[in-house]
Amino acid sequence: MTRVFSGIKPTGHVTLGNYLGAMRHWAEVDQHRADSLFCIVDLHALTVDHDPARVRRLSRQAATLLLATGLDPEVCTVFLQSHVDEHTRLSYLLECVASDGEMRRMIQYKEKSARERERGGSMRLSLLTYPALMAADILAYGTDEVPVGDDQTQHVELTRDLAVRFNQRYGHTFTVPRAARPGVAARVMNLQDPTSKMGKSDDSGPGIVYLLDEPDVVRKKIMRAVTDSGRDVEYDRETSPGVTNLLEILAACTGGDPRALAGAYESYGALKEDTAEAVVEVLGTVQARHRELCADPTQVEGVLRQGAEKARAMARPTVDAAYRAIGLLPPV
Ligand code: TYM
């Protein structure tokens, strides 16, 4: 059976981008067709300045939201990265296989380190080695497919390179995974700046729809989205980035095709209204389940405990094999 692994980082409130680009597919498709693991990658949240209490809160919230989207712990594994030591054990080995040059070439590293420098802070070493930990997350489980939005494909490519290199040098140990990106909404853009990604760590509130936004807040944000200077509703990322973003969001929420939808609208206003209602409806379902789960936090804790146990048992044989292959003696 195909093995699927993916993760979400608790660095901010979960956004519509996270949902449409990744989480929705995990719940609707992946968990039913593959042996899947979904991980709240809390160690990755420590690679930038953070408030410990906030990381804890966001980790719990991300876990609750994953279940609220419909992940079923009976058919998939949901867990916290820091609960399974195999991730950091393997990450170190992969740092011994990777070069600093390939880490420095990562777009997310370049962007985030520039931002940290602008703020006058120092860059954490873990931000540079981030992709080795991400590769460990994936490779520890013999993963075949990694369903992610567009922004993570470079990290998955590096993971593939590291797997191939390790296998060539030390003997076949890892499955070489591939990224799986969604057909629509692989890159949901900021509503106020449709040339940049809707990112959860950004500060631009009005341009970001959060999964837990109230319906009226969602409507307001979408109705105020920046559109383009033309008048026609066109699907074209270059010339109509704002409208194209709304078409992608609407298509993802309704199961339509963004190009075909473009032909169905004569005004930006009507497109915005329908997009807002479609998003409100999709989020309403998730929010209702989220409220139920919040009423009984022990349920989420139980899922995470059981998930970590299952994940540990799955990861250990591969990570132990990597330790032996690279030249380390087993414990006596
Ligand atoms: P993170 O937490 O930034 O995002 C989680 C998932 O959401 C997708 N995503 C988007 N998709 C479409 N439009 C957007 N605006 C948008 N914003 C985010 C991301 O592509 C991702 O799929 N490095 C990863 C976390 C990670 C991981 C892993 C993922 C760590 N280890 C192993 C897969 C496998 C990250 O920061 O995702």
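Each reported figure results from applying straightforward, stated rules to the coordinates on display, with no laboratory input. Quick caveat, the model's predicted, so the values are computed rather than measured. Cβ atoms come from the backbone with ideal geometry, glycine included; neighbour counts cover every protein chain shown.
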Rounded to the nearest 0.05, what FRET efficiency do Asn167 and Thr239 have when you use their Cβ-Cβ distance and R0 = 41 Å? 0.35
Select from segment 265-329 those GluC sites (Glu not before Pro) which occupy a DSSP coil region and have at most 13 other Cβ atoms within 10 Å, ordered by residue number. Glu266
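As an exercise, identify the trypsin sites (Lys or Arg not before Pro) in segment 194-237 lying in DSSP coil whose Cβ has no more than 14 other Cβ atoms within 10 Å. Could you put the intermediate results ahead of the total?
Details: sites: Lys197, Lys200, Arg219, Lys220, Lys221, Arg224, Arg231, Arg237; in loops: Lys200, Arg224, Arg231, Arg237.
Listed in order of number, the matching sites are Arg224, Arg231, Arg237.
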Expressed in angstrom and rounded, the centroid-to-centroid distance over alpha carbons for segment 165-220 and segment 62-126 is 14
Cross-link candidates for Lys272: which lysines have Cα within less than 30 Å, leaving aside residues fewer than 8 places away along the same chain? Lys9, Lys197, Lys200, Lys220, Lys221
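How big is the dipole moment of segment 4-152 about its Cα centre under a simple scheme where the beta carbon of each Lys and Arg is +1, that of each Asp and Glu is -1, and everything else is neutral? Debye, nearest 20, please. Intermediate values should be presented prior to the final figure.
On the way: 16 positive and 21 negative charges, 141 e Å.
Roughly 680 debye, rounded to the nearest 20.
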Listing His44, His32 by rising number of other beta-carbon atoms within 10 angstrom, fewest first, gives His32, His44
Relative to the chain, whose Cα atoms define the longest principal axis, helix 107-118 and its Cα axis are tilted in degrees, nearest 10, by 80
Among segment 130-160, those whose backbone N falls under 16 Å of a label point 7 Å along Cα→Cβ from Ala321 are 136-145
Full extension between Glu28 and Asp85 adds, at 0.36 nm per residue less the Cα distance, a length in nm of 17.6 nm
Quantify how much of the Cα-Cα distance distribution of segment 91-142 extends past 13 Å, in percent. 59
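Report the calculated FRET efficiency for Glu214 and Met123 (r = Cβ-Cβ distance, R0 = 22 Å), to the nearest 0.05.
Details: r = 36 Å, r/R0 = 1.66.
That gives a FRET efficiency of 0.05.
So if each residue of separation counts as 0.36 nm, and I subtract the Cα-Cα distance between Cys294 and Asp100, what length gain in nm does that give?
Numbers: separation 194, 0.36 × 194 = 69.84 nm, distance 4.27 nm.
Working it through step by step, the gained length comes to 65.6 nm.
Pick out, in residue order, every one of the GluC sites (Glu not before Pro) in segment 176-255 that is DSSP loop and has at most 11 other C-beta atoms within 10 Å; say none if there are none.
On the way: sites: Glu234, Glu238, Glu248; in loops: Glu234, Glu238.
Qualifying residues, ordered by number: Glu238.
Please list the three semi-axes, largest first and in whole Å, of the ellipsoid equivalent to segment 205-292, using sqrt of 5 times the eigenvalues of its alpha carbon gyration tensor.
24, 14, 10
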